[in-house]
Structure formats: structure tokens, C-alpha cells
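Trainee: Take a look at this one; I'll ask things after.
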Amino acid sequence: MATGVIEKAKNKKGAAEQVVDIKTGNEMAAIAASHVNFHVMGYYPITPSTQIPEETDRMKAEGEHDIVMIPGDGEHGAAGICFGAATAGVRVFNATAANGLLFSIEQLPVQSGCRYPMVLNIVARSVSGPLDIKCDHSDIMMALNTGWLIFMAKDPQRIYDFNICAVKWGELEDVRLPVMVTSDGFFTSHQLRRVEYFSTRDPVQDFIGKFKPGITAVDPNHPVTIGPYMNDPDLINNKKQQSMAMEAAYKHLPKIFEEYAKISGRKYELIETYKMDDAEVALFILNSPYDTVLQSVDNMRAEGKKVGAISLNIIRPFPADLIRQVFRNTKVLVVGDRQDSYGAWGGNMTHEIKSALKDDPENKTEVLSRIYGIGGKEFYVEDGIALLEEGLEVLKSGEVKKRYAYFGATETAKDYKPVQAFEPITEEEASPEIIRVELNPKTGVPEVKGVNMRALTKMPKRIVPGHGACPGCGIFPSIGNFLKGIKGHVVMLWHTGCGMVVTTGYPYTSFRTTYIHNLFQNGAATMSGLVEAYVERKRRGEIPGDEDLTFIMITGDGGHDIGIGPTIGAAMRNHKFIILEYDNEGYMNTGAQLSFTTPKCMITSTSHVGPAQAGKATFHKDTSQIMAACNIPYVFTAVESNFVDLVKKAAKAQWYAKHEGLVFGKILSVCPLSWRSDSRKGQEVIQAAVDSNFFPLYEIERGITKINYDPEKRNKKIPAIEWFKMMGRSRHMAKPAYAKITEEVQNEVDRRWARLKAMAESPVL
């Protein structure tokens, strides 16, 4: 693991041997986790925190730690995994960001309220909507009241050090609280910096000591009840104990920092100040911009201006007493908040600081709130100077003109009107008289007639060229061809994923139809509400009765891991819309992490192959069969290499969505980048998946299964290994060392195919 130069930490007697290296913040979090050697990591990928489980998994494959890596079905599930593991009396680790933090947030007070320590890395990112993956602090500020201790790590070095200190801090007998370590997304998480870390885990293990479980769920001789309902007079006592734990944590942290300095050579304080001794005007700012502000202060000091800077290494517990000391003589303080507490006229840190200063009756500091850097907007030395100059102007004039304002926002012209990207598709264009759906008079089952490939090429594209997809991406050929089978106007909702990301970067769009985005854990519920509201508006006469829309939800990139619950809910309610899943067998939009649809043994960025691990450990999930078990009217599978079959199923899907209820379709979609396949041979790769029976083509109408393509009858059947060998992600399975696993996968493929044939041959299965 160590790639740098091993040397003693300088100028500190007794410091342990360390590696001097160049690492990102996310890498340093993973190294710290490896050195702590947590028992369990429950996780779910989300940008920009995903590198932490990726790197931790890579180390796992190389045998560098013993952490049990458990992928969640979403951030809420990951938080539940962590809580469950903590109740067993182990050290627990996780990482998330933005809406991932919010999705898990109802679980976080349970963790702290039941007093189970763990460490959670928050790689701070803007909370949507609209969606943005860059840094601000809107996520971490929403977690202030969860009862967790919160570090703020301004650089990769602090990420490593604070992760280690967090373990010792949270596990103290009179604390026993979970800890967040917050860094700035991309600015700190992905930027390479000079760092030091211990050459072995021994100093870390000695520092944190052996874990001493408190109350656990796995001691049969002492059965306990964890997290029960509490009577009204009792809960306040529990919360008082949490408050006392925070007070104890605040008292203990300076000593922990002192102890850590002895082994690392790095001494931290709760609060960091720069040239504040005689500063008349100061700028408060958290995390990565603080180093930039130091240069701003130096530049202004060279001009004789008495300015200073301050930052915090913790925000929970909040060091109010130190804030009062630091600003005792400061005349004007500018607080830079990388988020806004909407309607409170200032960000969270502004109000925390104001509250602290209010308790000092002699403090006369004027406090200005400035909202900056939202959505990853860069912060430069000149910006620090501009904010400090605002404070100096107040000092000079004695007048505060704007106590609360945004810094760096662009004012929109009052007469601005958004430009329509494309002319909408007309009813006539979208409804060529080519495809016909007719009911079979004997069976009552819809049949599709008139699929003419040449004629269909003349149909206008609802998703136009010019998107940013990778070469060879299977999403748009697949969905584009599916839409050729859909007549009339459509409204599409797209989950978060590659298909969404590459088509709608503000202010551009690739859609000639109405398009909605929602987070992939809740798209089906969103579409349910939309469809029923549309039906109700037509019933009330608010929309013309002859207007006809087809509603289609597009999901992929693992969207039916995190989103399977709402999808099943929509199935139970049987709303009239189509759910179309492009299955690229991973979380591609966050960097190709494993999904539950990823085949066994495949390499992803969170299922590495190495001496201690052989790719993904479990078989792939069959979403189509899950949805078939919900007894919805129509379920199908399709691929772009079988064009006519795909278009026919689209037309049939529209009929069922109009007349009977929910439709679910699954399209296997090639991803050359993560599958490591030839981008010019996408259809060959997809067809090999079909010919090996890994991805069979079938449909289930009103509970009756029909196989649409049988490679055995066509004499095209190939072993699964022939498909695996077409992709770099699975080529290792052809090696003798993986023969047993390859056989297991083949047996499972054969079992599922045999089961499918039995269903097709039976009138009741």
C-alpha cells in the first residue's frame, strides 16, 4: 500500500514512523479505515464519496485489512446495516454525501440516541434539487441536530487524522456517540496533496485501543431491549444523557488531540485562527477555502489592514466559549456560509456564531452573513479579499447596508425568457400509421402488426443527438428504438443515472418531450402521483378529454436497487405507466460500482479481484421476475440487437399501460467503459448474453410466460464463459483459478433458464 517515502515525523520526539506521500482525501479516509481495521463497512455509492468504499474494497482484495464490506440497497439501507452491526459490538465505518446523507437521516438519530459509536465520512456536496454534484455544505448543516459529533476536515491530512481520532473520541465511556468527518467534495476528496500516514497500523491500534463493546444484541446471557418505545416522561432523560455526552466529548477532545500529536507530530486545536490578535475585521470560513483565505489575509496585511481569519475543526459540539474569546475585540466579522438556511436570513454558522456572541454582553461585533460557493463555485484569493473589504467598509462607515447577502451570484435579467431547445414533436410525427396493435379475437391478447424497420427510421427522435454519452453506450440505441414503438405524445421521468446526466446538463437538453428528473429511490412514486393527477385533471375538465399522454419512467445504473421499493409500491397500486430499466449491471454514473444486477465474479470498482477476493460475491438479481411476482399486466425483457422484438414489445407495453395498468420492461444495455468491451461490438456482446441464456428474451402477459428467443432451438447456444471472455471485467474467469466459480455461474444460468422454460410450458406457472 505504501508508495511514498518512509521517514520519521519531524520535530516531535516519540512520533511513529510515517509515510510521506501524495494522496487524495478519499484515499486518506480509506487508509485510515484500513489502519483502524473496522469490523464492518455498510455503504452505498454516491458522488463524491464513492472513492472511499472503492479504495477500501481494493485494499480488501489485496488482503490489507479485514473489514467486512456490505453494499446497501441505498443509503438508508447502508445506515441500517451500520446500526445493526454496531449493536453487535463492533467498530463500524461508512461514507456518503448530499442526498445520500438525507436519505439516511432518519436512521442517524437512532444511532446516536441508542449510543452506538461509529464513524461516517461526509464528503460535502450540494443537496438537490436541482441536481448538482459539486461541493457546498447544505448536507452537513442538515445533520447538525442528529446528535452526532462532527469534525470538519479542511485537507486530506485532517481526513486521515480525524478519522482515527474519531474512533477514540466516540468510544469514550462517558461519550459513546457516533462521529462524522466532513470534507469538501472534489476540493478535498479528489485533490492530491502531500500527506503523512503511519507506515503500519500498529501506532493506530495502540492509540485507539481494543474495542470495548457496551450493551450488545449478541449476548444471550444478558438479553436486552434496544431502541424501544419510551414513555413520555422518560425520553427527556435519554436526551439529557445525550446532552451530557456532548459536554463530555467537548472536554475530552483537547486531550485526544494532545495524545495524537505525540504519535503523529501533528497538533490540532478545536478552533483555528490566523492573525487574530489585533484583527479589527475577520472572515470566518469552514474547510477547504480557509487556506485560500490565509493568503487573502497576508495580502491585505501587507497593505497595513488589520484583518484575520478563523475556522473550526469541529462544529458539534460547537465551541461557543472559544468563539466568544476569539471575537472579544473584533469589530466586524464576515461569516462565509457555503449553504443557506432559507428564510432565516443567514447560513447556519452565522446563527451559531451570533448565538455564541450574544451570551457575551460586552461583545459589540457586527456580524455579516455571506452565502458563497454553493454548487462548487470556486473560491479565490480575490474572493477572500472582497469579503474582508466588505467588513472594512462597515468599519469605516459605521453602517451595515446588507447584513445578509449572496456573494458571487449572477443577477438574472428581469425580462429573461428561457429559450426552447427544440420544436416539440407533433402528434402526427409521433404517430405514423406503421405499427398496429390488434386484439386476438380468440385469446384477447394484444398482437403487434406492421413493424417495418425502414419505415420506422423516418420517425423523429424524441432524444436527439448531441448528448455526452460514452462511445458505444447502449442506453440511447436501446431507448431510442423502444420509443419508435410508442405512438403519440409522451412524458418521461428519468432517475438519476448516466442517461439523465449526459442529456440534461443545465442549460442544455437532448429531449424533444417533457422530461422530469427525480432521485432514483423515488421515481416510481413520483410518476404515480403525476399519472393520477393527470387523470384527475381530465376528469375535472381542466385538461381536454381527448388529449392522450403516455407516461414512461426510465431507470438504470442500479436504480432498481435503491428504487425497488417505490417500484413495487407502484406495482401494487397498478398505475397506468411504463417503467423501463436499462440494465448496464452497475452504478455507472458514479464510477462503475457493483449493483445487485452485476453478475457474480465480475470486476467493478467495489468488487475487485485479488488474492483475498474474486470480484462480486453473489449472483445477479432478476428484476423482471421480481416484478412478475407483483402480478402486473405486462413484463418483458429486450435487447437492441433484436430490434423488431424490442419495437413490438414497446407497442404492446403502450397498449397495456393505456388499458390495464403498470408495465415493466428490462433492456440489457452494454457499457463498454466499465464492461471493458470493444465499443464497436456492442450488439455482438449483448447478443452473446442472450445466446448464453444469461439474459433470456421473454414476456409475461397477464401471468403467462412466453419465450421470444430460444438459442437452443436456433442452434446458437453458447456457454456463459464465451460471453465472459468478450469483456475485460470478466475475462479472468477463463483462468483455471476461477474454474469453480465459472461452473457455479453456469449452473445458475442453466437453472434460471430451465425454470423459465418450465414457466413457458405451463399454463399456471
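The values are calculated or read from the model by the stated rules, or taken from the named source; none is laboratory data. In this text, all values refer to a predicted model and were calculated from it rather than measured experimentally. Cβ sites come from the backbone with ideal geometry, for glycine too, and all protein chains shown count toward neighbours.
Trainee: Count, please, the residues in the range 324-339 that happen to be closer than 30 Å to Gln242 by Cβ and either free of Cβ contacts under 8 Å to residues at least 60 places away in the same chain or in the same structural domain as Thr188 (by TED's automatic domain parsing) (or both).
Mentor: Of the residues in that region, 5 qualify.
Trainee: Can you tell me which residues in the range 626-677 are crowded, with 24+ Cβ neighbours inside 10 Å, in a helix (DSSP H, G or I) and of a type in the set (Val, Ile, Thr)?
Mentor: The one that is crowded, with 24+ Cβ neighbours inside 10 Å, in a helix (DSSP H, G or I) and of a type in the set (Val, Ile, Thr): Val647.
Trainee: For the range 298-323, how many residues are in a loop (DSSP other than H, G, I, E, B) and either in contact (Cβ under 8 Å) with a residue 24 or more places away in the chain or under 35 Å from the mean Cα position of the chain (by Cα) (or both)?
Mentor: 6
Trainee: Could you list, in sequence order, all residues of the range 377-428 that are in a helix (DSSP H, G or I), within 30 Å of Asn329 (Cα to Cα) and not aliphatic (A, V, I, L, M)?
Mentor: The answer is Glu382, Asp383, Gly384, Glu389, Glu390, Gly391, Glu393, Lys396, Ser397.
Trainee: How many residues does the range 563-600 hold that are surrounded by fewer than 24 Cβ atoms within 10 Å (Cβ to Cβ), at pLDDT below 95 and at positive phi?
Mentor: Total meeting the criteria: 1.
Trainee: May I pose another question? Within the range 678-693, take every residue that is in contact (Cβ under 8 Å) with a residue 60 or more places away in the chain and surrounded by 18 or more Cβ atoms within 10 Å (Cβ to Cβ) and give me the one that is farthest from Gln746 (Cα to Cα).
Mentor: Gly682
Trainee: Which of (1) touching a strand residue (DSSP E or B) at 6+ places or on another chain (Cβ under 6 Å); (2) buried (at least 19 other Cβ atoms within 10 Å of the Cβ); (3) not in a loop (DSSP other than H, G, I, E, B) is the odd one out, the single condition Ile516 does not satisfy?
Mentor: Answer for Ile516: the failing condition is (2).
Trainee: For the range 235-245, does any single residue satisfy the condition of being in a helix (DSSP H, G or I), crowded, with 16+ Cβ neighbours inside 10 Å, over 29 Å from the mean Cα position of the chain (by Cα) and of a type outside the set (S, T, N, Q)?
Mentor: Within the range 235-245 (the criterion being in a helix (DSSP H, G or I), crowded, with 16+ Cβ neighbours inside 10 Å, over 29 Å from the mean Cα position of the chain (by Cα) and of a type outside the set (S, T, N, Q)), the answer is yes, since at least one residue qualifies.
Trainee: Same structure again: Could you list, ordered by first residue, the pairs with Cβ atoms under 6 Å in which the first is in the range 346-363 and in contact (Cβ under 8 Å) with a residue 60 or more places away in the chain and under 17 Å from Leu286 (Cβ atoms) and the second is among the hydroxyl-bearing types (Ser, Thr, Tyr) and surrounded by 17 or more Cβ atoms within 10 Å (Cβ to Cβ), at least 6 apart or interchain?
Mentor: Gly347/Ser341; Asn348/Ser341
Trainee: If you go through the range 662-672 one residue at a time, do you hit one that is over 30 Å from Pro71 (Cα atoms), in the same structural domain as Gly497 (by TED's automatic domain parsing) and not charged (D, E, K, R)?
Mentor: There is no residue in the range 662-672 that is over 30 Å from Pro71 (Cα atoms), in the same structural domain as Gly497 (by TED's automatic domain parsing) and not charged (D, E, K, R).
Trainee: Separate question: Looking at the range 614-625, which of the residues that are assigned to a loop (DSSP other than H, G, I, E, B) and of a type outside the set (A, V, I, L, M) is surrounded by the fewest Cβ atoms within 10 Å (Cβ to Cβ)?
Mentor: Here the residue is Thr618.
Trainee: A further question follows. Can you tell me which of Val502, Val490 is in the same structural domain as Ala657 (by TED's automatic domain parsing) and more than 27 Å from the chain's Cα centre (by Cα)?
Mentor: Just one listed residue meets the conditions, Val490.
Trainee: Out of the residues in the range 267-282 that are of a type outside the set (Asp, Glu) and either under 32 Å from the mean Cα position of the chain (by Cα) or assigned to a helix (DSSP H, G or I) (or both), which is surrounded by the most Cβ atoms within 10 Å (Cβ to Cβ)?
Mentor: Tyr268
Trainee: Okay, next question. Keeping to the range 533-566, report how many residues are within 30 Å of Thr604 (Cα to Cα) and touching a Phe, Trp or Tyr at 6+ places or on another chain (Cβ under 8 Å).
Mentor: Counting residues in the range 533-566 that are within 30 Å of Thr604 (Cα to Cα) and touching a Phe, Trp or Tyr at 6+ places or on another chain (Cβ under 8 Å) gives 11.
Trainee: Turning to a different aspect of this structure: Every residue in the range 39-50 that is crowded, with 24+ Cβ neighbours inside 10 Å and not β-branched (Val, Ile, Thr), please.
Mentor: Correct list: Met41, Gly42, Tyr43, Tyr44, Pro45, Pro48, Ser49.
Trainee: Among the helices (runs of 4 or more DSSP H) confined wholly to the range 95-214, which include 1 or more residues that are out of contact with any Ser or Thr (no Cβ under 8 Å at 6 or more places or on another chain) and more than 20 Å from Ile314 (Cα to Cα)?
Mentor: Details: elements: 98-103, 108-113, 138-141, 156-171, 202-208.
The helices (runs of 4 or more DSSP H) meeting that bar are 98-103, 108-113, 202-208.
Trainee: Another question, if that's okay. Which residues, counting only those in the range 321-376, are closer than 20 Å to Ser138 by Cβ, of a type in the set (S, T, N, Q) and touching a strand residue (DSSP E or B) at 6+ places or on another chain (Cβ under 7 Å)?
Mentor: Within the range 321-376, Asn348, Thr350, Ser369 meet the criteria.
Trainee: Can you pull out every residue in the range 197-216 that is surrounded by 14 or more Cβ atoms within 10 Å (Cβ to Cβ) and of a type in the set (Gly, Ala, Ser)?
Mentor: Passing the criteria: Ser199, Gly214.
Trainee: If you check Gly615 against the conditions, is it within 25 Å of Lys740 (Cα to Cα), touching a residue at least 24 places away in the same chain (Cβ under 8 Å) and not hydroxyl-bearing (Ser, Thr, Tyr)?
Mentor: Yes, satisfied.
Trainee: Scan (1) part of a helix (DSSP H, G or I); (2) over 29 Å from Gly74 (Cα atoms) for the single condition Ala525 breaks and write down its number.
Mentor: The number of the failed condition is (2).
Trainee: Okay, next question. Any chance the range 84-93 includes a residue that's aromatic (Phe, Trp, Tyr), surrounded by 24 or more Cβ atoms within 10 Å (Cβ to Cβ), in contact with a helix residue (DSSP H, G or I) (Cβ under 9 Å, 6 or more places away or on another chain) and modelled with pLDDT of 95 or more? Outline the logic, then answer.
Mentor: Going residue by residue through the range 84-93, those that are aromatic (Phe, Trp, Tyr) are 93.
Next, from what is left, pick out any that are surrounded by 24 or more Cβ atoms within 10 Å (Cβ to Cβ): 93.
Among the residues that remain, those that are also in contact with a helix residue (DSSP H, G or I) (Cβ under 9 Å, 6 or more places away or on another chain) are: 93.
Now drop any that are not modelled with pLDDT of 95 or more, which leaves 93.
Within the range 84-93 (the criterion being aromatic (Phe, Trp, Tyr), surrounded by 24 or more Cβ atoms within 10 Å (Cβ to Cβ), in contact with a helix residue (DSSP H, G or I) (Cβ under 9 Å, 6 or more places away or on another chain) and modelled with pLDDT of 95 or more), the answer is yes, since at least one residue qualifies.
Trainee: Yes or no: the range 125-142 includes at least one residue that is within 18 Å of the chain's Cα centre (by Cα), closer than 21 Å to Leu172 by Cβ and touching a residue at least 60 places away in the same chain (Cβ under 8 Å).
Mentor: At the first step, the residues of the range 125-142 found to be within 18 Å of the chain's Cα centre (by Cα) are 125-142.
Filter once more, so that each one left must be closer than 21 Å to Leu172 by Cβ: none.
Within the range 125-142, not a single residue is within 18 Å of the chain's Cα centre (by Cα), closer than 21 Å to Leu172 by Cβ and touching a residue at least 60 places away in the same chain (Cβ under 8 Å).
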